Amino acid sequence: MKMIKTIPEIQAEIRKQREQGQARTIGFVPTMGALHQGHLSLVQACREENDVTVVSIFVNPAQFGPNEDFEKYPRDFQTDESMLKELGVDLIFYPAKDEIYPPGYSTYVEVEKLGQVLCGKSRPTHFKGVATVVLKLFNIIKPDRAYFGRKDAQQAVIIKRMAAELNLDVTIKALPIVRDPDGLALSSRNVYLSPAERGAALHLPRALMRAQERIQAGLKDAAEIKAGIETELRKSPLLTVDYVEVATLDGLEPFPGSPGGQLIASNNTLVAAAVKVGKTRLIDNFILGEI
Ligand code: AMP
(Lines give C-alpha, C1' and ligand atoms only; values in the text may rest on other atoms or scores of the structure.)
Protein backbone atom coordinates (compact mmCIF):
# COMPACT_ATOMS: atom_id res chain seq x y z
CA MET A 1 0.00 0.00 0.00
CA LYS A 2 1.28 3.43 -0.95
CA MET A 3 0.41 6.65 0.87
CA ILE A 4 0.55 9.69 -1.38
CA LYS A 5 0.03 13.31 -0.39
CA THR A 6 0.33 15.33 -3.58
CA ILE A 7 -1.80 15.55 -6.71
CA PRO A 8 1.05 15.15 -9.26
CA GLU A 9 2.30 12.05 -7.45
CA ILE A 10 -1.08 10.30 -7.22
CA GLN A 11 -1.81 11.14 -10.85
CA ALA A 12 1.57 9.73 -11.92
CA GLU A 13 1.05 6.58 -9.87
CA ILE A 14 -2.42 5.95 -11.31
CA ARG A 15 -1.18 6.63 -14.85
CA LYS A 16 1.65 4.16 -14.30
CA GLN A 17 -0.70 1.46 -13.00
CA ARG A 18 -3.06 1.93 -15.95
CA GLU A 19 -0.19 1.82 -18.47
CA GLN A 20 1.29 -1.30 -16.92
CA GLY A 21 -2.10 -2.99 -17.16
CA GLN A 22 -2.41 -3.50 -13.37
CA ALA A 23 -5.44 -1.25 -13.23
CA ARG A 24 -8.11 -2.09 -15.76
CA THR A 25 -10.60 -0.68 -13.27
CA ILE A 26 -10.00 1.80 -10.49
CA GLY A 27 -12.37 1.99 -7.55
CA PHE A 28 -12.42 4.99 -5.25
CA VAL A 29 -13.71 5.57 -1.72
CA PRO A 30 -13.65 9.21 -0.56
CA THR A 31 -13.61 9.62 3.24
CA MET A 32 -12.79 12.13 5.94
CA GLY A 33 -10.93 9.49 7.96
CA ALA A 34 -11.66 8.41 11.57
CA LEU A 35 -12.61 5.21 9.85
CA HIS A 36 -15.13 2.70 11.16
CA GLN A 37 -16.86 -0.38 9.80
CA GLY A 38 -19.20 1.79 7.69
CA HIS A 39 -16.25 3.13 5.71
CA LEU A 40 -14.62 -0.29 5.63
CA SER A 41 -17.73 -1.88 4.09
CA LEU A 42 -17.30 0.52 1.16
CA VAL A 43 -13.61 -0.34 0.91
CA GLN A 44 -14.37 -4.07 0.91
CA ALA A 45 -16.93 -3.71 -1.88
CA CYS A 46 -14.47 -1.56 -3.81
CA ARG A 47 -11.72 -4.18 -3.44
CA GLU A 48 -14.03 -6.92 -4.68
CA GLU A 49 -15.14 -5.03 -7.77
CA ASN A 50 -11.95 -3.29 -8.97
CA ASP A 51 -8.30 -4.03 -9.75
CA VAL A 52 -7.04 -1.03 -7.83
CA THR A 53 -8.62 0.57 -4.75
CA VAL A 54 -7.88 4.18 -3.88
CA VAL A 55 -9.10 5.65 -0.57
CA SER A 56 -8.84 9.37 0.13
CA ILE A 57 -8.65 10.79 3.62
CA PHE A 58 -9.35 14.51 3.64
CA VAL A 59 -11.31 16.51 6.19
CA ASN A 60 -12.84 18.89 3.70
CA PRO A 61 -13.07 22.42 5.14
CA ALA A 62 -15.48 23.51 2.38
CA GLN A 63 -18.25 21.27 3.68
CA PHE A 64 -18.20 22.62 7.24
CA GLY A 65 -20.17 25.73 8.16
CA PRO A 66 -18.55 28.54 10.19
CA ASN A 67 -19.85 27.25 13.54
CA GLU A 68 -19.40 23.56 12.85
CA ASP A 69 -16.84 21.03 14.06
CA PHE A 70 -14.09 21.26 11.39
CA GLU A 71 -11.34 21.94 13.97
CA LYS A 72 -12.37 19.22 16.38
CA TYR A 73 -13.46 16.62 13.80
CA PRO A 74 -11.75 13.34 14.88
CA ARG A 75 -8.47 12.65 13.09
CA ASP A 76 -6.39 9.50 13.55
CA PHE A 77 -4.35 8.87 10.44
CA GLN A 78 -2.18 6.10 11.89
CA THR A 79 -5.13 3.92 12.88
CA ASP A 80 -6.86 4.62 9.56
CA GLU A 81 -3.72 3.66 7.66
CA SER A 82 -3.33 0.34 9.45
CA MET A 83 -7.02 -0.55 8.91
CA LEU A 84 -6.71 0.19 5.20
CA LYS A 85 -3.48 -1.77 4.93
CA GLU A 86 -5.13 -4.79 6.50
CA LEU A 87 -7.94 -4.61 3.93
CA GLY A 88 -5.46 -4.61 1.05
CA VAL A 89 -6.02 -1.06 -0.17
CA ASP A 90 -3.57 -0.09 -2.93
CA LEU A 91 -3.34 3.69 -2.57
CA ILE A 92 -4.20 6.19 0.13
CA PHE A 93 -4.52 9.78 -1.00
CA TYR A 94 -3.94 12.00 2.04
CA PRO A 95 -3.59 15.58 0.82
CA ALA A 96 -3.03 18.67 2.95
CA LYS A 97 -5.67 21.41 2.89
CA ASP A 98 -3.59 23.65 0.59
CA GLU A 99 -3.06 20.83 -1.89
CA ILE A 100 -6.82 20.76 -2.56
CA TYR A 101 -7.57 24.44 -1.91
CA PRO A 102 -4.46 26.52 -2.63
CA PRO A 103 -4.56 30.14 -1.43
CA GLY A 104 -6.99 32.15 -3.57
CA TYR A 105 -9.01 29.05 -4.54
CA SER A 106 -12.28 30.14 -6.18
CA THR A 107 -14.12 27.43 -8.16
CA TYR A 108 -17.13 25.62 -6.65
CA VAL A 109 -19.83 23.31 -7.98
CA GLU A 110 -23.40 23.48 -6.80
CA VAL A 111 -26.17 20.98 -7.43
CA GLU A 112 -29.18 23.29 -7.24
CA LYS A 113 -32.32 22.45 -5.23
CA LEU A 114 -31.09 19.02 -4.06
CA GLY A 115 -28.47 20.75 -1.93
CA GLN A 116 -30.91 23.15 -0.27
CA VAL A 117 -33.45 20.72 1.23
CA LEU A 118 -33.22 18.30 4.19
CA CYS A 119 -29.70 18.75 5.67
CA GLY A 120 -29.15 21.67 3.28
CA LYS A 121 -31.66 23.80 5.22
CA SER A 122 -29.54 23.92 8.36
CA ARG A 123 -26.23 23.47 6.47
CA PRO A 124 -26.71 25.77 3.44
CA THR A 125 -23.14 25.52 2.07
CA HIS A 126 -22.49 21.89 3.01
CA PHE A 127 -23.38 20.15 -0.24
CA LYS A 128 -21.60 22.75 -2.35
CA GLY A 129 -18.46 21.84 -0.40
CA VAL A 130 -19.15 18.12 -0.82
CA ALA A 131 -19.85 18.33 -4.57
CA THR A 132 -16.76 20.46 -5.13
CA VAL A 133 -14.35 18.18 -3.31
CA VAL A 134 -15.83 15.03 -4.83
CA LEU A 135 -15.59 16.46 -8.35
CA LYS A 136 -11.99 17.51 -7.71
CA LEU A 137 -11.13 14.06 -6.35
CA PHE A 138 -12.82 12.41 -9.35
CA ASN A 139 -10.76 14.61 -11.69
CA ILE A 140 -7.56 13.73 -9.85
CA ILE A 141 -8.13 9.99 -9.53
CA LYS A 142 -10.37 9.31 -12.56
CA PRO A 143 -12.06 6.28 -10.99
CA ASP A 144 -14.30 3.88 -12.89
CA ARG A 145 -16.44 3.34 -9.80
CA ALA A 146 -16.89 5.40 -6.64
CA TYR A 147 -18.42 4.16 -3.40
CA PHE A 148 -20.68 6.11 -1.03
CA GLY A 149 -22.78 5.14 1.98
CA ARG A 150 -26.56 5.41 2.17
CA LYS A 151 -26.02 6.76 5.67
CA ASP A 152 -25.59 10.06 3.81
CA ALA A 153 -28.40 9.35 1.36
CA GLN A 154 -28.82 12.98 0.32
CA GLN A 155 -25.10 13.18 -0.44
CA ALA A 156 -25.26 10.03 -2.59
CA VAL A 157 -28.27 11.38 -4.50
CA ILE A 158 -26.47 14.69 -5.10
CA ILE A 159 -23.25 13.05 -6.26
CA LYS A 160 -25.17 10.79 -8.59
CA ARG A 161 -27.02 13.78 -10.05
CA MET A 162 -23.77 15.72 -10.44
CA ALA A 163 -22.07 12.79 -12.18
CA ALA A 164 -25.00 12.45 -14.60
CA GLU A 165 -25.41 16.16 -15.32
CA LEU A 166 -21.68 16.84 -15.74
CA ASN A 167 -21.27 13.70 -17.87
CA LEU A 168 -18.67 12.19 -15.57
CA ASP A 169 -17.48 8.77 -16.70
CA VAL A 170 -17.85 7.13 -13.29
CA THR A 171 -20.36 4.69 -11.79
CA ILE A 172 -21.70 5.83 -8.42
CA LYS A 173 -22.47 3.07 -5.93
CA ALA A 174 -24.52 3.70 -2.78
CA LEU A 175 -24.13 0.94 -0.20
CA PRO A 176 -26.20 0.05 2.91
CA ILE A 177 -25.90 1.73 6.30
CA VAL A 178 -23.70 -0.16 8.76
CA ARG A 179 -25.01 0.02 12.35
CA ASP A 180 -23.83 -0.84 15.83
CA PRO A 181 -25.64 -3.87 17.30
CA ASP A 182 -27.97 -1.49 19.22
CA GLY A 183 -29.07 0.10 15.93
CA LEU A 184 -27.14 3.39 15.98
CA ALA A 185 -25.69 4.10 12.54
CA LEU A 186 -21.89 4.17 12.70
CA SER A 187 -20.51 7.69 12.40
CA SER A 188 -17.14 9.27 13.10
CA ARG A 189 -19.09 11.79 15.20
CA ASN A 190 -20.41 9.12 17.61
CA VAL A 191 -17.19 9.51 19.63
CA TYR A 192 -18.48 12.92 20.76
CA LEU A 193 -21.43 11.33 22.61
CA SER A 194 -21.42 10.86 26.40
CA PRO A 195 -22.98 7.56 27.59
CA ALA A 196 -26.25 9.37 28.40
CA GLU A 197 -26.27 11.08 25.00
CA ARG A 198 -25.57 7.81 23.26
CA GLY A 199 -28.58 6.29 25.00
CA ALA A 200 -30.74 9.20 23.86
CA ALA A 201 -29.37 8.93 20.31
CA LEU A 202 -30.91 5.47 20.03
CA HIS A 203 -34.34 7.11 19.69
CA LEU A 204 -33.29 8.05 16.14
CA PRO A 205 -32.83 4.53 14.68
CA ARG A 206 -35.75 3.28 16.78
CA ALA A 207 -38.10 5.92 15.43
CA LEU A 208 -37.06 5.11 11.87
CA MET A 209 -37.31 1.38 12.44
CA ARG A 210 -40.82 1.82 13.83
CA ALA A 211 -41.78 3.89 10.76
CA GLN A 212 -40.40 1.17 8.50
CA GLU A 213 -42.51 -1.42 10.30
CA ARG A 214 -45.63 0.72 9.94
CA ILE A 215 -44.94 1.13 6.21
CA GLN A 216 -44.50 -2.62 5.87
CA ALA A 217 -47.85 -3.01 7.63
CA GLY A 218 -49.46 -0.78 4.98
CA LEU A 219 -49.07 2.84 6.13
CA LYS A 220 -48.55 5.11 3.10
CA ASP A 221 -49.55 8.58 4.29
CA ALA A 222 -46.39 10.72 4.33
CA ALA A 223 -47.72 13.11 6.97
CA GLU A 224 -48.56 10.28 9.32
CA ILE A 225 -45.15 8.65 8.86
CA LYS A 226 -43.48 11.96 9.64
CA ALA A 227 -45.65 12.64 12.68
CA GLY A 228 -44.95 9.17 14.10
CA ILE A 229 -41.20 9.71 13.88
CA GLU A 230 -41.42 13.18 15.42
CA THR A 231 -43.48 11.89 18.34
CA GLU A 232 -40.93 9.16 19.02
CA LEU A 233 -37.98 11.59 18.83
CA ARG A 234 -39.59 14.12 21.16
CA LYS A 235 -39.74 11.49 23.91
CA SER A 236 -36.13 12.20 24.86
CA PRO A 237 -35.32 15.52 26.56
CA LEU A 238 -31.67 15.19 25.50
CA LEU A 239 -32.54 15.26 21.84
CA THR A 240 -33.66 18.16 19.64
CA VAL A 241 -35.12 17.52 16.22
CA ASP A 242 -33.49 19.35 13.28
CA TYR A 243 -35.84 17.84 10.71
CA VAL A 244 -37.89 14.79 9.86
CA GLU A 245 -38.70 14.53 6.18
CA VAL A 246 -40.45 12.15 3.83
CA ALA A 247 -39.35 12.96 0.29
CA THR A 248 -38.97 11.49 -3.16
CA LEU A 249 -35.66 9.70 -3.43
CA ASP A 250 -34.66 10.93 -6.87
CA GLY A 251 -35.66 14.60 -6.53
CA LEU A 252 -35.66 14.97 -2.72
CA GLU A 253 -39.01 16.72 -2.96
CA PRO A 254 -40.89 16.53 0.33
CA PHE A 255 -44.31 14.93 0.11
CA PRO A 256 -46.93 17.50 1.15
CA GLY A 257 -47.20 17.52 4.91
CA SER A 258 -50.89 18.05 5.59
CA PRO A 259 -52.71 15.19 7.33
CA GLY A 260 -54.29 12.95 4.79
CA GLY A 261 -51.69 14.32 2.35
CA GLN A 262 -49.78 12.53 -0.32
CA LEU A 263 -49.02 8.82 -0.30
CA ILE A 264 -45.41 7.70 -0.50
CA ALA A 265 -44.06 5.92 -3.56
CA SER A 266 -43.08 2.36 -2.73
CA ASN A 267 -39.95 2.55 -4.93
CA ASN A 268 -38.99 6.22 -4.71
CA THR A 269 -39.06 7.43 -1.12
CA LEU A 270 -36.49 8.71 1.36
CA VAL A 271 -37.44 8.93 5.02
CA ALA A 272 -34.71 10.95 6.74
CA ALA A 273 -34.16 12.66 10.05
CA ALA A 274 -31.49 14.77 11.72
CA VAL A 275 -31.26 15.44 15.43
CA LYS A 276 -28.93 17.17 17.82
CA VAL A 277 -27.86 15.35 20.94
CA GLY A 278 -25.99 17.90 23.01
CA LYS A 279 -23.69 19.54 20.47
CA THR A 280 -23.55 16.50 18.19
CA ARG A 281 -25.63 16.41 15.04
CA LEU A 282 -26.70 12.92 13.95
CA ILE A 283 -28.50 11.79 10.82
CA ASP A 284 -30.21 8.58 9.82
CA ASN A 285 -32.63 7.41 7.15
CA PHE A 286 -34.16 4.57 5.23
CA ILE A 287 -35.10 4.40 1.58
CA LEU A 288 -37.70 2.66 -0.54
CA GLY A 289 -36.09 2.15 -3.93
CA GLU A 290 -32.54 2.53 -5.23
CA ILE A 291 -30.18 5.50 -5.25
P1 AMP B 1 -17.26 10.46 5.83
O2 AMP B 1 -15.90 10.04 6.26
O3 AMP B 1 -18.20 10.73 6.96
O4 AMP B 1 -17.24 11.56 4.79
O5 AMP B 1 -17.89 9.22 5.09
C6 AMP B 1 -17.27 8.64 3.97
C7 AMP B 1 -18.22 7.69 3.32
O8 AMP B 1 -18.58 6.66 4.24
C9 AMP B 1 -19.53 8.37 2.90
O10 AMP B 1 -19.91 7.90 1.61
C11 AMP B 1 -20.49 7.93 3.96
O12 AMP B 1 -21.84 7.88 3.52
C13 AMP B 1 -19.98 6.54 4.28
N14 AMP B 1 -20.44 6.12 5.60
C15 AMP B 1 -20.31 6.80 6.76
N16 AMP B 1 -20.91 6.14 7.77
C17 AMP B 1 -21.45 5.03 7.22
C18 AMP B 1 -22.22 3.93 7.74
N19 AMP B 1 -22.55 3.85 9.02
N20 AMP B 1 -22.60 2.97 6.88
C21 AMP B 1 -22.29 3.04 5.56
N22 AMP B 1 -21.56 4.03 5.02
C23 AMP B 1 -21.16 5.01 5.84
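The values are calculated or read from the model by the stated rules, or taken from the named source; none is laboratory data. Please read all numbers here as calculations on a predicted model, not as lab measurements. All Cβ positions, glycine included, derive from the backbone under ideal geometry; neighbour counts span all protein chains shown. Ligands, DNA and RNA are excluded from the accessible area calculation, which covers all protein heavy atoms including side chains. Shrake-Rupley method; radii C 1.70, N 1.55, O 1.52, S 1.80 Å.
What the table shows:
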| read-out | value |
| --- | --- |
| Folded to 0 to 90 degrees: helix 77-86 orientation relative to the chain principal axis, Cα | 80 |
| Heavy atoms of residue 49 accessible to a 1.4 Å probe, total area in Å² rounded to 10 | 80 |
| Where the chain is the region considered: accessible area per residue in Å², 1.4 Å probe | 47 |
| Value in Å of the Kirkwood radius, where the chain supplies the Cα pairs that are averaged | 19.9 |
| Crossing angle, helix 222-233 versus the chain [Cα axis fit, 0-90 degrees, rounded to tens] | 90 |
| Computed over region 136-193, Cα set: Rg, Dmax in Å | 13.9, 41 |
| Probe 1.4 Å - accessible area at residue 121, Å² to nearest ten | 150 |
| Shape call, region 151-229: gyration tensor on alpha carbons, a/c limit 1.5 | oblate |
| Cβ-derived FRET efficiency at R0 25 Å, residue 267 paired with residue 98, nearest 0.05 | 0.05 |
| The chain, dipole about Cα centre (Lys/Arg Cβ +1, Asp/Glu Cβ -1), debye to the nearest 20 | 240 |
| In degrees, nearest ten, helix 126-141 long axis to first principal axis of the chain (Cα) | 30 |
| Fraction of accessible area attributable to carbon and sulfur, the chain (%, probe 1.4 Å) | 49 |
| Cα gyration tensor shape for region 59-132, rounded if a/c is under 1.5, else prolate or oblate | prolate |
| Amide N proximity, region 212-245 versus residue 279 label position 7 Å along Cα-to-Cβ, cut-off under 19 Å | 238-242 |
| Label zone at residue 112 (point 7 Å along Cα-to-Cβ), backbone N below 12 Å, region 50-69 | none |
